[in-house]
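Below is one structure, written out as structure tokens; the observations come after it.
The values are calculated or read from the model by the stated rules, or taken from the named source; none is laboratory data. Bear in mind the structure is a predicted one, so any value in this text is a computation, not a measurement. We place every Cβ from the backbone using ideal geometry, glycine too, and count neighbours over all the protein chains shown.
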Amino acid sequence: MTDRPRIAVCPGSYDPITNGHLDVISRASQQFDEVVVAVVNLSVRKSRSLFGIEERLGFITEATEHLGNVRAEPFNVLVVDFARRIGATTIVKGLRAISDFEYEFEMNQLNRMQAPDVDTLYLMASPQYSFLSSSGVKELATFGGAIDELVPPSVAKRLKEELAR
């Protein structure tokens, strides 16, 4: 047994952060000494971000300030390299549906090949968030849908400003 702090990384684009993300982050914060919400600066698999890196980091910092062991940082390297750099041994991801599992299974295998010393822990989405995605929230906001229960208040305000038609 070591007295080294248990650090986890919760990676994602967080464009924007949703209450589903916050649920996973909050639950992870109960399991680890420190949780680093790692915000990818330039995603390879997603289109250009609606919000810049600084604004996304700000949303996360504001939404998690009540959690004393959570901080947000940008990254632009392999998530396992980022994890090693900050001393994390676990990547925490949320799973909503079978489609998430298929993608995450592939990513887990690739990550384990790169860094067998970094594990991945999957937390099942809480039922009320099992359908929730950043892209879905952006689509709702674009067409004036109700998003106040899906994202933090500052995110809802900015989405309405940015996407209202």
Q: Look through region 133-144, keep the residues that are touching a helix residue (DSSP H, G or I) at 6+ places or on another chain (Cβ under 8 Å) and without any contact (Cβ under 8 Å) to a residue 60 or more places away in the chain, and return whichever of them is farthest from ARG96 (Cα to Cα).
A: THR142
Q. What single numbered condition from (1) loosely packed, with under 15 Cβ neighbours inside 10 Å; (2) at pLDDT 95 or above fails to hold for VAL44?
A. (2)
Q.
Condition (residue is free of Cβ contacts under 8 Å to residues at least 24 places away in the same chain, in contact with a strand residue (DSSP E or B) (Cβ under 9 Å, 6 or more places away or on another chain) and within 27 Å of GLU149 (Cβ to Cβ)) applied to region 81-89: is it met by at least one residue?
A. no
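Has region 66-73 got at least one residue that is touching a Cys at 6+ places or on another chain (Cβ under 9 Å), at pLDDT 95 or above and surrounded by 17 or more Cβ atoms within 10 Å (Cβ to Cβ)?
Step one: of region 66-73, the residues touching a Cys at 6+ places or on another chain (Cβ under 9 Å) are 70.
Restricting the remaining residues to those that are at pLDDT 95 or above gives 70.
Cutting the leftovers down to surrounded by 17 or more Cβ atoms within 10 Å (Cβ to Cβ) gives us 70.
Checked against the condition, which is being touching a Cys at 6+ places or on another chain (Cβ under 9 Å), at pLDDT 95 or above and surrounded by 17 or more Cβ atoms within 10 Å (Cβ to Cβ), region 66-73 yields at least one hit.
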Q.
Can you pull out every residue in region 20-40 that is closer than 17 Å to LEU95 by Cβ and surrounded by fewer than 19 Cβ atoms within 10 Å (Cβ to Cβ)?
A. ASP23, SER26, ARG27, GLN31
Q: Just give me the residues in region 49-65 being hydroxyl-bearing (Ser, Thr, Tyr) and either out of contact with any Asp or Glu (no Cβ under 7 Å at 6 or more places or on another chain) or surrounded by fewer than 17 Cβ atoms within 10 Å (Cβ to Cβ) (or both), in sequence order.
A: THR61, THR64
Q: Taking the options GLU65, GLU54, GLU34, name whichever one is touching a residue at least 24 places away in the same chain (Cβ under 8 Å) and acidic (Asp, Glu).
A: GLU34
Q: Would you check which residues across region 97-128 are buried (at least 17 other Cβ atoms within 10 Å of the Cβ), under 21 Å from ASP15 (Cβ atoms) and in contact (Cβ under 8 Å) with a residue 24 or more places away in the chain and list them?
A: ALA125
**Q.** Whichever residue in region 129-165 is in a helix (DSSP H, G or I) and among the small types (Gly, Ala, Ser) and, among such residues, is surrounded by the fewest Cβ atoms within 10 Å (Cβ to Cβ)
**A.** SER135
Q. Looking at PRO153, is it over 17 Å from the mean Cα position of the chain (by Cα), modelled with pLDDT of 95 or more, under 18 Å from ILE25 (Cα atoms) and of a type outside the set (Val, Ile, Thr)?
A. yes
